[in-house]
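Chemist: If you scroll down you'll find the structure; I have some questions about it.
The values are calculated or read from the model by the stated rules, or taken from the named source; none is laboratory data. Values in this document were obtained by computation on a predicted structure and should not be read as measured data. Reconstructed Cβ throughout: ideal geometry from the backbone, glycine too, with neighbour counts over all protein chains shown.
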Amino acid sequence: MEAKAPKALRKAQRLANLLDTAIKVPFIPLRIGLDSIVGLFPVVGDALMLLVSLRIVWLGKSLGMPKALVAQMVRNSVIDFILGFFPIVGDIVDVFFKANQKNVRIMERWWISNNKAAVDVATQEKLKAWEASLE
């Protein structure tokens, strides 16, 4: 049995990584993404990143997530957008808020809770195969 995350979730994970954590800042344990960089351009950069962030929300909605969770994801994206209106301070906070990562975690928790049995079976099968390979 294969318990693989759906394509929409994997796509959201890659997009969130690109937006929030794709670039390691040298000499300090901090990762940033395109959201932090493009967000430095007032209004236009933040608006563009909001649109991309809403793509993750749309991917969650396309999976059939409940409206309450989709609303929570929209709220995270809007908070991230609003933070961008505060020069310098908003950009610094944006580096740490990582709305896209938060939204993907919501998606992942929802998907796992709905597919736990299949994931558990697949995990047990892989564990048995691994144990057999050691003998």
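Chemist: Pull up the stretch 40-61, narrow it to residues that are free of Cβ contacts under 8 Å to residues at least 40 places away in the same chain and among the small types (Gly, Ala, Ser), then point me to the one that is surrounded by the most Cβ atoms within 10 Å (Cβ to Cβ).
Modeler: The selected residue is Gly45.
Chemist: For Val89, state whether it is free of Cβ contacts under 8 Å to residues at least 24 places away in the same chain, farther than 30 Å from Ala118 by Cβ and more than 13 Å from the chain's Cα centre (by Cα).
Modeler: Yes.
Chemist: Any idea which of (1) touching a helix residue (DSSP H, G or I) at 6+ places or on another chain (Cβ under 8 Å); (2) in a helix (DSSP H, G or I); (3) modelled with pLDDT under 95 is the one Phe85 doesn't satisfy?
Modeler: Against the list (1) touching a helix residue (DSSP H, G or I) at 6+ places or on another chain (Cβ under 8 Å); (2) in a helix (DSSP H, G or I); (3) modelled with pLDDT under 95, Phe85 comes up short only on (2).
Chemist: So which residues in the stretch 22-48 are touching a Leu at 6+ places or on another chain (Cβ under 7 Å) and either basic (Lys, Arg) or part of a helix (DSSP H, G or I) (or both)?
Modeler: If the condition is that a residue be touching a Leu at 6+ places or on another chain (Cβ under 7 Å) and either basic (Lys, Arg) or part of a helix (DSSP H, G or I) (or both), then Leu34, Asp35, Val38 are the ones that fit.
Chemist: Within the set of pairs 6 or more residues apart or between chains, which connect a residue that is charged (D, E, K, R) inside the stretch 1-23 to a residue that is assigned to a helix (DSSP H, G or I) with Cβ atoms less than 7 Å apart?
Modeler: Glu2/Ala122; Lys11/Leu59; Asp20/Asp35; Asp20/Asn100; Asp20/Gln101
Chemist: Take Leu19 and decide whether it is of a type outside the set (Gly, Ala, Ser), closer than 15 Å to Val104 by Cβ, crowded, with 20+ Cβ neighbours inside 10 Å and touching a Leu at 6+ places or on another chain (Cβ under 6 Å).
Modeler: So Leu19 fits the description; yes.
Chemist: Follow-up. Which residue is modelled with the lowest pLDDT, if the candidates are limited to the stretch 94-121 and must be charged (D, E, K, R) and in a helix (DSSP H, G or I)?
Modeler: Asp94
Chemist: Moving to a separate point now. Going residue by residue through the stretch 56-64, is there one that turns out to be out of contact with any Lys or Arg (no Cβ under 8 Å at 6 or more places or on another chain), within 30 Å of Val119 (Cα to Cα) and outside any helix (DSSP H, G or I)?
Modeler: yes
Chemist: OK, next. Consider the stretch 1-16. How many of its residues are more than 18 Å from Lys98 (Cβ to Cβ) and surrounded by fewer than 14 Cβ atoms within 10 Å (Cβ to Cβ)?
Modeler: Total satisfying the criteria: 5.
Chemist: Ile37: free of Cβ contacts under 8 Å to residues at least 40 places away in the same chain and either in contact with a helix residue (DSSP H, G or I) (Cβ under 6 Å, 6 or more places away or on another chain) or under 26 Å from Ile88 (Cα atoms) (or both), yes or no?
Modeler: Yes; evaluated as a whole, the condition is true for this residue.
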